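Since every read-out is calculated from the coordinates, none of them should be taken as a lab result. Computed from a predicted model, the values in this text were never measured in an experiment. Reconstructed Cβ throughout: ideal geometry from the backbone, glycine too, with neighbour counts over all protein chains shown.
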Amino acid sequence: MDKRKMHGVWASRWTFILAATGSAVGLGNIWKFPYIAGENGGGAFVLIYLLCIALIGIPVMMAEVLIGRRGRMSPINAMRYVTSEAGLHGGWTAIGWMGVVAGLMIMAFYSVVAGWAVNYIFALASGEFSSAVGTVSTGYFDALLANNGKQAMWHSIFSFMTFAVVAAGVTRGLGMVARVLMPFLFVVLILLLGYGVVEGDFAAAFRFLFEFHFEKLTWNGVLVALGHAFFTLSLGMGAIMAYGAYMPDHSSIGRTIITVGLLDTVVALVAGLAIFPIVFATPGIEPGSGPGLMFVSLPVAFGSMPLGLIFGTLFFMLVTVAAWSSAVSLIEPGVAWLVETGKFNRIKATFLLAFVAWCGGLASIWNGAIFNALDFLTAQIMLPLGGLFIAVFVGWLMKRDVVAKEMDGEEHPLFEIWRFVLRYISPVLVALVMGLSLYSKLFG
Ligand code: TRP
């Protein structure tokens with residue numbers, strides 16, 4: 001069978017936008033962005049992050065979708081197709097392989113954090129945090145981290161949820177759920193933002209996130225911002241390539257991806273503006289609290305607001321759904337590839353990969369150093385490298401007319417600008433930031 005027709009296409013451009021946004025918006029926006037902004041001093045970090053999204057993330061995202069749609073297969077086989085179409089050495093297929101591995105590595109800590117969120121649904125519903133103060137919520141989170149069995153249980157539940165949806169096929173399963181629930185996540189974030197304005201220290205939060213203090217920024221912080229731009233857009237490992245493979249022929253890649261990038265950025269900024277007012281108004285919680293930031297600050301707010309029990313429970317349910325619709329895209333590339341080999345059906349392929357990721361998750365629960373190493377290796381090394389290669393491949397090696405045709409962009413000034421950025425700006429910036437932060441690690 002022609003592999004290029006194997007997986008079908010999304011029903012419309014909007015289905016693609018929603019699926020891609022479902023992949024992009026997740027723990028990266030709500031859990032990770034606020035805490036790394038907190039650890040890296042706020043304003044200057046946020047500015048660098050926004051620049052990375054605009055100058056690297058969005059242009060590379062277009063390139064990644066373009067490869068996927070051109071190849072219409074899993075990232076590994078799509079890379080194989082476009083590589084041979086361009087008459088290049090098969091080694092470029094490594095982008096696809098590295099992506100499959102990176103996806104499993106990310107899943108191995110992502111589903112642990114998602115497991116925490118599932119745990120918090122029940123913690124809030126049971127009234128654990130009614131009129132809690134900072135020390136109570138911090139104590140609760142520390143106790144969860146110290147309880148490996150409990151973490152493993154929630155991690156397993158979340159892993160199973162992901163398995164079930166990928167096995168059922170992404171479009172029918174989660175597509176529906178995410179489409180209905182993601183807008184609610186946004187509504188609850190806005191509500192928290194309102195709470196922060198009224199009850200929290202909103203002015204301090206705003207200053208923290210948007211006032212530049214360049215003296216607080218390090219080369220390492222710049223690399224964290226760059227890595228996060230890839231992470232939050234689901235970029236550099238083929239997730240968006242796999243989704244691009246199912247994109248209708250005649251929808252504009254440019255406009256579609258800009259929409260997804262903007263939605264993702266707005267959710268991250270609103271999450272930051274919702275979390276930090278509480279952080280600054282609560283003694284015992286610092287902006288640099290690390291991965292627990294969301295889990296220690298928000299329960300304090302829910303504990304003291306009217307109907308907080310209900311909103312808090314709802315909030316963590318929605319975070320779980322957001323994480324769920326992201327997690328499926330972490331194993332989809334590998335699953336699509338296994339199915340294309342003809343040796344696995346979808347259910348077996350999904351089971352195999354979900355099992356590997358599940359084992360990795362147990363390892364990162366058992367030893368926090370593994371959790372950190374997986375996060376570091378993927379977000380700060382593999383994703384930026386994947387993105388760099390994708391930019392070079394589409395910018396320099398694919399035939400110009402093929403690229404122009406996929407972008408609908410022949411002679412269009414925006415097409416020329418995009419191609420210029422993809423050739424001369426995005427890859428140079430990625431290489432520069434990676435090089436300089438390595439240099440400052442070694443000699444700084
Ligand atoms: N973007 C998601 C988030 O922000 C995480 C994610 C899903 C991801 N798929 C990915 C990150 C692929 C990197 C690559 O939570």
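The HN-Hα couplings worked out from phi for segment 205-220 by the Karplus form 6.51 cos²θ - 1.76 cosθ + 1.60 (θ = phi - 60°) are 5, 5, 4, 4, 7, 10, 8, 7, 10, 5, 5, 7, 9, 10, 4, 4 Hz, whole numbers, x standing for Gly and Pro. Picking from Tyr140, Tyr49, Tyr120, which is most flexible by a Gaussian network model of the chain using Cα springs under 10 Å? Maximum among the listed residues: Tyr140. Coupling constants for segment 118-123 follow from the phi torsions by the Karplus curve (6.51 cos²θ - 1.76 cosθ + 1.60, θ = phi - 60°), and in residue order they are 4, 4, 5, 4, 6, 4 Hz; glycine and proline get x. A simple charge model with +1 on the Cβ of Lys and Arg, -1 on the Cβ of Asp and Glu and nothing else charged puts the dipole of segment 13-443 at about 940 debye relative to its Cα centre. Compute the long axis of helix 75-85 from its Cα atoms, compare it with the longest principal axis of the Cα atoms of the chain, and write down the angle in degrees, 0 to 90, nearest 10. Around 30 degrees separate the two axes. With Cβ to Cβ distances under 15 Å as the rule, what net charge do the other residues near Ser289 carry (K, R +1; D, E -1)? Neighbour charge sum, excluding Ser289 itself: -2. Among Gly41, Gly26, Gly68, the residue with the largest mean-square fluctuation in a Gaussian network model of the chain, with springs joining Cα atoms closer than 10 Å, is Gly41.
The GluC sites (Glu not before Pro) found in segment 199-253 that occupy coil by DSSP, while having at most 15 further C-beta atoms within 10 Å, are Glu211.
GNM on the chain, alpha-carbon springs under 10 angstrom: the most fluctuating residue among Phe311, Phe158, Phe420 is Phe420. Note on Lys405: aspartates and glutamates with a C-alpha under 20 Å away, same-chain residues under 8 apart excluded, are Glu64, Glu85, Asp249, Glu416. 3J(HN,Hα) along segment 266-281: 4, 4, 5, 5, 5, 4, x, 6, 8, 7, 5, x, 6, 4, 6, 8 Hz, from the Karplus curve 6.51 cos²θ - 1.76 cosθ + 1.60 with θ = phi - 60°, whole Hz, x for Gly and Pro.
Across the chain, C-alpha contacts under 8 Å between residues 6 or more apart give a mean separation that, scaled by the residue count, equals a relative contact order of 36 percent.
Computed over the chain, the per-residue total of -39500 (n - 2.57) for DSSP H runs of n ≥ 4 gives a 222 nm mean residue ellipticity of -24000 deg cm²/dmol, rounded to 500.
Identify the trypsin sites (Lys or Arg not before Pro) of segment 337-441 meeting these criteria: DSSP loop state and at most 16 other C-beta atoms within 10 Å of the C-beta. Filter output for segment 337-441: Lys343, Lys399.
The long axis of helix 383-392 is offset from the longest Cα principal axis of the chain by roughly 30 degrees. With a ≥ b ≥ c taken as the square roots of the eigenvalues of the C-alpha gyration tensor of segment 166-311, please select rounded if a/c is under 1.5 and otherwise prolate if a/b is larger than b/c or oblate if it is not? Oblate shape, in that a/c is at least 1.5 and b/c is the bigger or equal ratio. Along the axis of the charge dipole computed for segment 13-443 (Cβ charges of +1 for Lys and Arg, -1 for Asp and Glu, origin at the Cα centre), the listed residues Ile278, Ala373, Leu397 are led at the positive end by Leu397. To the nearest 10 degrees, how steep is helix 58-71 against the longest Cα principal axis of the chain, on a 0 to 90 scale? With both axes taken from Cα atoms, the answer is about 50 degrees.
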